[in-house]
Each structure stands twice: as C-alpha cells, then as structure tokens.
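K.L.:
Just dropping this structure here.
The values are calculated or read from the model by the stated rules, or taken from the named source; none is laboratory data. Bear in mind the structure is a predicted one, so any value in this text is a computation, not a measurement. Cβ placement follows ideal geometry from the backbone for every residue including glycine, while neighbour counts extend to all protein chains displayed. What goes into the accessible areas is simple: the full protein's heavy atoms, side chains included, and nothing from ligands, DNA or RNA. Shrake-Rupley method; radii C 1.70, N 1.55, O 1.52, S 1.80 Å.
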Amino acid sequence: IEIYKLHVDSKVTSRFAHTIINSKIVNRANESREVTFEVELPKTAFITNFSMSMDGKVYPGIIKEKTSAEKEYDTAVSQGQGAGLVRITGRKLEQFHISISVAAASKVTFELMYEELLKRQLGKFELLIKVRPKQLVTHFQIDVHIFEPQGIRFLETDSTFTTNELTKALTKVQTETKAHILFKPTVDQQKTDPELNENLLNGDFVVRYDVKRGATAGDIQIVNGYFVHYFAPHEMPALPKNVVFVIDRSGSMAGKKIEQTRDALLKILQDLRLKDRFSFITFNNKVVEWKSSLLQATPENVASAAGFVQTISASGGTDINRALLTAVSVLDKAERLPEKSVSMIILLTDGQSTSGESKMEVIQENIQKAINGKYALFCLGFGFDVSYKFLEKMALSNGGLARRIYENADADLQLQNFYQEVATPILMKIEMHYPENAVEGLTKNNFKLFFEGSEIVVSGKISNKLDLLPVEIKAQSHASDLILREEANVKEKEQEFKNQSYIFENFTERLWAYLTIQQLLEESISAQEEKQKILEAKALELSLQHSFVTPLTSMVVTKPDGQQQMELANKPTEAG
C-alpha cells in the first residue's frame, strides 16, 4: 500500500481557517487490500466535508441530524458493521479514521475538509496541523495561506520533527497582510536515516501569528452582508484580582499529582501582582483554610503561602461542595476590596465528590446560589476520573470555564498556562453595541471579563440598506469607564476581500455560523431542560444549513458495494 500523495491545504482568512487534507493511496499488491485513511484534526474544528473517490466514482459523506443518522446506522450495526470514525486522541486533537478495501493495482483518493475559528491565547493565534503518514510519501506538502487585513504583526512556524534537511524544505513569504508557508520535503528529506525507509514526519506542524492593532474599538470586516468584529485592547493596566485557590488533597491526588500541583502553585505565587489579594483552601473530607481572609500579595505573604503550599499532602475523601462554599464565603467576607477588581475562584480536583453533599445537581445548585453572579468560577479537572461534565456545567453557570489537565509529565506546566490565561484581567463588564434595527443574528455581545492576550469576537448579519455600521463599546477599566466608538464603511470593507484570489467565498457567514453554534452549545450546557431543547434545535438547524459535523449532527459515509456499507462520523466532546 503506497501513500502516493498527501497534501494539506490551509487558508486562513481573518482568523477563520479552512483546511483540506487530500490523500491518494495506491494498492501495488496483486490482490485486494485494506487501505486506511487516518488523520488528526483540532478538537476546536468542525468537519464540513469528506469524500472517497475510486474507479471514477465518488462516495461523499452526507451530514444529517445525529439521531436519525444513528437510527439508520443501528440497523446497519446490527448486521455487524464498524464503529464511529472520529475519536479524541489527546489534549488538542481528534482522529478521523476510515478503512476501505481497494482492488489490486487500484487507487483511492480521500479528501477531508474542516473549519475552525482560531482563538487568540496568550497573545497569539495557532494553526495546528498534525503530520503522521507512517511511511515515505512521494508527493507530500503542507500549504498555508494567511490573509489578515489588519496586518500581520509576527509569524513563526514550529514543528516537533525538525532537522537541518527538513528546514530546507520550508519556505515562508510574508507581506504586510499576507503570508504563504510551504513545507514540501522530498522523499530523501523525509527519511530518518538514508539507509532506512522510515519517515521522520511524525508530530505537530504549527503556525503561530498575531495581527497588528490600532488603539481603537477593534477591527470590523464585512463580506456579503455578514460582519465580524474583533476587539483586543492591549497595553492597559491590569485590574487587581481577588483569587481563592481551592485545591483537592484527597487520597487520589497522592504521588505525582499533588507534587505537580505544588510545583505549579509555587510558580503561580511568583506571578501574583502586588495589588492582587489571594488565599488557599485545601480539602479532602475536611476543608482547611490557610488564612481566614484574603491577603495582599506582598513578598512576605507570598513567601508564607509558599511555605504552606509545600506542606500540602494527600489523603482522605472529597468534599467539593463545602470547599467551594467556603471559598465563596471568603470572598463574601472580604473587606476593603478595590471597587474595580476581579474576584475569582480556581478549583482543582481529580475526582467525584465522596464526602458531604455528593449529588452533583445539588452541588451545582448550591454553588450557583452562593456565587449569584458575583464571582467567576474556573474548574480544572485533573485526569479522567473527574466528571468533566459536572465541572464544565458548574464553571459555565458561574461565568468561568472548565479545562482538563492531562496526567502527563507536564501537568504542572498545563496548570501554569491556564493560570497565565486568566492572570491579567484588563476590562470588566464589556458591552458591544450595534444598531438594533440594522443587525440581526448577533452572537454574544456582553462579556464579564477580558483577559490580556485573548480576543473578543462578535458577528452578525447587517441589513442591505446599511452604508455605515456604527459600533459602540462600553467597558470598565482599571482607571475609568470606557466608551469606544467606531464606524465601518460597508462598501469599503466589502472591497477589501473582493480582490483576494485565494479567499474562500462567504467566510464571514461561515465564521458567524461556527461561532453561533459554539455559543449555543456552550449555553445549552448550563441551561434548564426546556431552554436546552430550544438552543439545541437552533444549533442543529445551523449545523445542517452550513454542513458542520457538530455534537448534534453526524456524517454518514457510504462505502462501495460489497463492503461494510455505512460508517458514521460524529463530533466527540470533552465531557464524553
């Protein structure tokens, strides 16, 4: 079986990435063989298309509502057919895997297409392409085109398999607003060793970049009546934080996990700013407060906390409910907090609640009632024994987010990186206003907090009568209440994309649909049952309309006659 060609083409237009993986595989044997197409794609992406071509015939994947696709599939499964095509394979990736029988001397071409909105984290966007052909490929290339009308501030490529030879296979061309990256190693350059036929290419190929920003109310782009507005103020002073760390020290945290947690907390302590206030709560079946109130992050207090952190050891049960309620009461009781400061609780746990209140619904209710919209709750789930669904719902119901920490050698780095993302709040109570009578289908436009290094994205449809799109942003900064205003000239903005040959059409509409679906699904996690159904119905309609494989849709792939006829591609989620 020879992979004759493997091309990865990515077009990134104003953060929206459209990637096509095309693979041509030949069966050189003199009998029919099973051929496998196996690629990995980012978890944040939605598959939009897949097809197989063999003997002049195309077998396309068809996107349907998940429940109806599964009914069809169940019938097929009862006749002994295969499992789903997509599964999660790590922190950032999921794998698409399909096998098909190919006749002697025949060839098959696979094509998979997916799209995602690149999310700014710690000051950069990242396009991740996983490369693992498992054999030498005659025609291999990765071709990336980036167009950012705001201008490209910096651009770097990185891979986990670089050699001097492979560096020669990489070319980068960059102008003010465009970049083209081509990675095209020959068969010889792909070899681990001139004598061996093993492929070096095994790992991540990453493009990182950021865009230029003026000190304005962000940047607006408009194509075919859909607008997208990016807002990422920078060089603003940080708002002081009041943060309570709630650390699980139950028996299951013993050993490596508690060690890594201690290491991460010691580093995080060094990153607190003098104006920040902080405290620690550790819990197993008992809840222990390091101090009964928040302390300012002075060098003395930080040193004292570091001493405490080094004594944290693990044993006993898990009382998440009481630990979180204690954290809320520490913030409730805190006196003389700066009026413009951000209060947050960061929970790290590796398991289910076994002591005190153990019903998840009751814990969620208690915490939501206690927090009552005043503080943001971030939940970090360590490993796979946690109920991620429970943590995610609790975080999203309380203005925060959940993250899984993988039990690897770098778990302490994962914890630190998460902290870095929320370490520098610079705005609170952000409201993005657009003319009500001229804009519809608006994505989320109110945000509790904005952290340095991230980006706010709002998108919507504008009525065709509009010549100017006025925007107003209200927010609270460290120093004052901000009001920023901007006006976008609709015709001029449309023109920016007209002359770009390699921009795929209607990217703003697809970006709007992608963002809307993501937000509807996220909102449905913490919604009551009735509201959940409405949100999911909307997300389903958009997924089908724009052909995205989301947690509500499935792609049905039909194979040539005489083979297990039908396969399903579903979107796996972190919560399982």
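K.L.:
Are there any pairs, at least 6 apart or on different chains, whose C-beta atoms fall under 7 Å, with the first in segment 152-175 and closer than 13 Å to Arg208 by Cβ and the second of a type in the set (Phe, Trp, Tyr), and if so, which?
P.N.:
Once the first residue is closer than 13 Å to Arg208 by Cβ and sits in segment 152-175, its partners that are of a type in the set (Phe, Trp, Tyr) give Ile152/Tyr209; Phe154/Tyr209; Leu155/Tyr209; Ser159/Phe205.
K.L.:
Taking into account only those residues within segment 241-277 that are over 17 Å from Gln416 (Cα atoms), open to solvent by 10 Å² or more (accessible area, probe 1.4 Å) and in contact with a Lys or Arg (Cβ under 9 Å, 6 or more places away or on another chain), which is modelled with the highest pLDDT?
P.N.:
Filtering segment 241-277 for residues that are over 17 Å from Gln416 (Cα atoms), open to solvent by 10 Å² or more (accessible area, probe 1.4 Å) and in contact with a Lys or Arg (Cβ under 9 Å, 6 or more places away or on another chain), the one modelled with the highest pLDDT comes out as Arg277.
K.L.:
One residue is enough: does segment 114-124 have a residue meeting the conditions more than 22 Å from the chain's Cα centre (by Cα) and crowded, with 19+ Cβ neighbours inside 10 Å?
P.N.:
No, segment 114-124 contains no residue that is more than 22 Å from the chain's Cα centre (by Cα) and crowded, with 19+ Cβ neighbours inside 10 Å.
K.L.:
I've got another one for you. Answer yes or no as to whether Gln141 is open to solvent by 10 Å² or more (accessible area, probe 1.4 Å), under 19 Å from Leu118 (Cα atoms) and either within 28 Å of the chain's Cα centre (by Cα) or of a type outside the set (S, T, N, Q) (or both).
P.N.:
So Gln141 does not fit the description; no.
K.L.:
Does Glu574 satisfy the condition of being open to solvent by 60 Å² or more (accessible area, probe 1.4 Å) and either closer than 23 Å to Arg403 by Cβ or touching a residue at least 12 places away in the same chain (Cβ under 8 Å) (or both)?
P.N.:
no
K.L.:
State which residue is surrounded by the fewest Cβ atoms within 10 Å (Cβ to Cβ) when the search covers only segment 373-386 and only residues that are without any contact (Cβ under 8 Å) to a residue 60 or more places away in the chain and touching a helix residue (DSSP H, G or I) at 6+ places or on another chain (Cβ under 9 Å). Before you say what the answer is, go through the steps one by one.
P.N.:
First, the residues of segment 373-386 that are without any contact (Cβ under 8 Å) to a residue 60 or more places away in the chain: 373-375, 377-381, 384, 386.
Narrowing further to those that are touching a helix residue (DSSP H, G or I) at 6+ places or on another chain (Cβ under 9 Å): 374-375, 377-381.
Working: Lys374: 12, Tyr375: 22, Leu377: 26, Phe378: 23, Cys379: 27, Leu380: 26, Gly381: 25.
Here the residue is Lys374.
K.L.:
Let me ask something additional. Kindly provide the set of residues from segment 351-379 that are modelled with pLDDT of 95 or more, closer than 21 Å to Gln414 by Cα and in contact with a Ser or Thr (Cβ under 9 Å, 6 or more places away or on another chain), ordered by number.
P.N.:
Scanning segment 351-379 gives Ala376, Leu377, Cys379.
K.L.:
Which number in (1) modelled with pLDDT under 95; (2) part of a helix (DSSP H, G or I); (3) of a type in the set (Asp, Glu); (4) surrounded by fewer than 16 Cβ atoms within 10 Å (Cβ to Cβ) marks the one condition that Glu487 misses?
P.N.:
(2)
K.L.:
On to the next question. Here are Phe450, Phe390: which of them is open to solvent by less than 10 Å² (accessible area, probe 1.4 Å) and either under 25 Å from Asp271 (Cβ atoms) or not in a loop (DSSP other than H, G, I, E, B) (or both)?
P.N.:
Working: Phe390 fails: open to solvent by less than 10 Å² (accessible area, probe 1.4 Å).
None of the other options fit; the residue is Phe450.
K.L.:
Can you tell me which residue within segment 419-447, out of those that are farther than 30 Å from Val246 by Cβ and among the polar types (S, T, N, Q), is surrounded by the fewest Cβ atoms within 10 Å (Cβ to Cβ)?
P.N.:
Among them, the one singled out is Asn437.
K.L.:
A further question follows. Assuming Glu407 fulfils every condition listed in (1) assigned to a helix (DSSP H, G or I); (2) modelled with pLDDT under 95 apart from one, which condition is it?
P.N.:
All conditions are met except number (1).
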